[in-house]
Amino acid sequence: MEKRRNLLWSFLRSIGEALFSLLFNFGGLLAGGLLAAYFNVFLELPWAIILYPGILSIRGAIGGLMSARISTALHLGTMKPTFFNNTKEANILFNTVTALTLMSTVVMWGFGTLFSIIFAGAELSDLFRIFLVIMSTMGISVIFISPLTFLTGIIAYKRGFDPDVLVYPVISTVSDVIITALYLIVLTIVIYYSSISLMLLSVINILFILYVFLSVRKIWKEKEFQRICKEYFLTLVICSLIVNITGSSLSKISEAIGRRPEIYMVYPALIDTVGDVGSITGSTATTKMAIGIIGTKFRDIKGHLAEIGSAFIASLIMFIAYAYVSAFFYGVKDIIQLMYILFSTHLIVVPIIVLISFVTAIETRKRGLDPDNFIIPIETSISDGLTTIALMLVLTLVV
């Protein structure tokens, strides 16, 4: 009886910890509110809506890689919980993330322009402008998001929270708000200040490229830098393909539902939360495998059911809460329909993303790869795509 009571208490505590980390996803409603308020920007530049999920996802993938590596390193002691005078590994990670941002921009531009031409009627004359928009948004974001990611890991670790559970959910939300705001600012400059936009964005991009080369110059011979870039590149290509399919799906949602701000408001929060469930599942599994608590076979998932169950319940609570907040904010009368849309989307995507995260942790570890370079980037991109497609399917059936 005492053992059962302890297990129940442990499970409830896991739900509480997961729910606490997911509460930060309410910030995703702010990103969604910005999206809904400035949706006219996307009407002016139809290709911009296709690029939006890609910019969110790839920036989230980079932040996820950084979050996962920081969390594992803090557990293992290879990084110190201090912002300054940290270890060599911390310095390499910071500079590597900057290089990955530039690499991601180039790959994302390649896929993004292709999908924009096919699905949004972008012209060849738009290609350079699309490049400037993507790189400016991604480059400026590094200034804010990378330091905040490391600072969140330090605070979580010092306060006794599990960084695997807390860091990425917090940062993914903060990142989405920052990226959405930056993206809309850059697009606004392109639309309303077209005479100076090319020169201004070109200067920003040149400064960013110079900063990347100065950062990489210090670490390009380091094996850890080379390993992360090599492993991330494959992930990046897969993610870029997936997120552009996501962007095309979001474009179709826009056509299907028109201007329903309550849907746009919850959209970033939905993809945030599903990605966070995958992050919690994958990161905690990786740490358990690293310290030998669970093995690397699929049947070992039974030793991870508490984390999976708590993340599932906490995310379901959040989906219901999003429906209430969005309905209240926009005066939606049929709240039951909105709850049904979000509830159905949750039941479709969350079990799939849990399985993907756990299997990715197992397979990467078996093959001698670093799971932290794969789990969150892959599951984040897949979860964004699956959530968008599931939302589109449910809306098609319900609306």
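Quick note: the coordinates plus some simple rules give every number you see, no bench work behind them. It should be emphasised that the depicted structure is a prediction, and the values quoted were computed from it without experimental measurement. Ideal geometry is used to build each Cβ from the backbone, glycine not excepted, and the neighbour counts take in all protein chains shown.
Using just the helices of the chain, give the 222 nm mean residue ellipticity in deg cm²/dmol: DSSP H runs with n ≥ 4 each add -39,500 (n - 2.57), and the total is spread over all residues, rounded to 500.
Values: 13 runs with 335 residues, N = 399.
Dividing the helical sum by the residues of the chain leaves -30000 deg cm²/dmol.
Of the residues Tyr232, Tyr267, Tyr211, which exhibits the maximal mean-square fluctuation in a Gaussian network model of the chain defined by a 10 Å Cα contact cut-off?
Tyr211
Could you tell me which trypsin sites (Lys or Arg not before Pro) in the stretch 338-399 are loop residues by DSSP with no more than 15 other beta carbons within 10 angstrom of their beta carbon?
Values: sites: Arg365, Lys366, Arg367; in loops: Arg367.
Counting only loop positions with at most 15 other Cβ atoms within 10 Å, the trypsin sites (Lys or Arg not before Pro) in the stretch 338-399 are Arg367.
Counting only residues 5 or more places away or on other chains, whose amide H sits under 5 Å from the amide H of Lys80 once H atoms are built in the peptide plane?
The list, which skips near neighbours in sequence, is Thr87.
Taking the highest mean first, how do the peptides 278-288, 185-195, 110-120 order by number of other beta carbon atoms within 10 angstrom per residue? Let's see the in-between values first.
On the way: 278-288: 27.4, 185-195: 15.1, 110-120: 19.4.
Result, highest mean first: 278-288, 110-120, 185-195.
Hydropathy first: keep DSSP H helices in the chain averaging at least 1.6 on Kyte-Doolittle, then drop any whose Cα extent along the axis falls short of 24 Å, and list what survives. Don't skip to the end; give the middle numbers.
Numbers: long enough: 2-22 (30 Å, -0.03); 47-76 (44 Å, 1.15); 88-120 (45 Å, 1.23); 127-158 (46 Å, 1.73); 163-192 (42 Å, 1.85); 194-219 (39 Å, 1.85); 223-257 (49 Å, 0.63); 261-290 (44 Å, 0.42); 305-330 (37 Å, 1.67); 335-366 (46 Å, 1.63); 375-398 (33 Å, 1.68).
The answer, listed by residue number, is 127-158, 163-192, 194-219, 305-330, 335-366, 375-398.
Build a GNM of the chain with springs between Cα atoms under 10 Å: which of Gly121, Gly368, Gly63 gets the top mean-square fluctuation?
Gly368
Taking the chain as a Gaussian network, Cα atoms linked when under 10 Å apart, which of Ala31, Ala73, Ala311 shows the biggest mean-square fluctuation?
Ala73
Could you count how many Lys pairs in the chain have their Cα atoms under 12 Å apart, skipping same-chain pairs fewer than 8 positions apart? Let's see the in-between values first.
Values: Lys80/Lys88; Lys80/Lys158; Lys88/Lys218; Lys297/Lys366.
Counting lysine pairs in the chain gives 4.
Projected onto the charge dipole of the stretch 2-398 (+1 at Lys/Arg Cβ, -1 at Asp/Glu Cβ, origin at the Cα centre), which of Ile55, Leu93, Ile313 gives the Cα projection farthest towards the positive end?
Toward the positive end, the furthest listed residue is Leu93.
Rounded to the nearest Å, what's the spacing between the alpha carbon centres of the stretch 361-399 and the stretch 166-210? Just the number, please.
25
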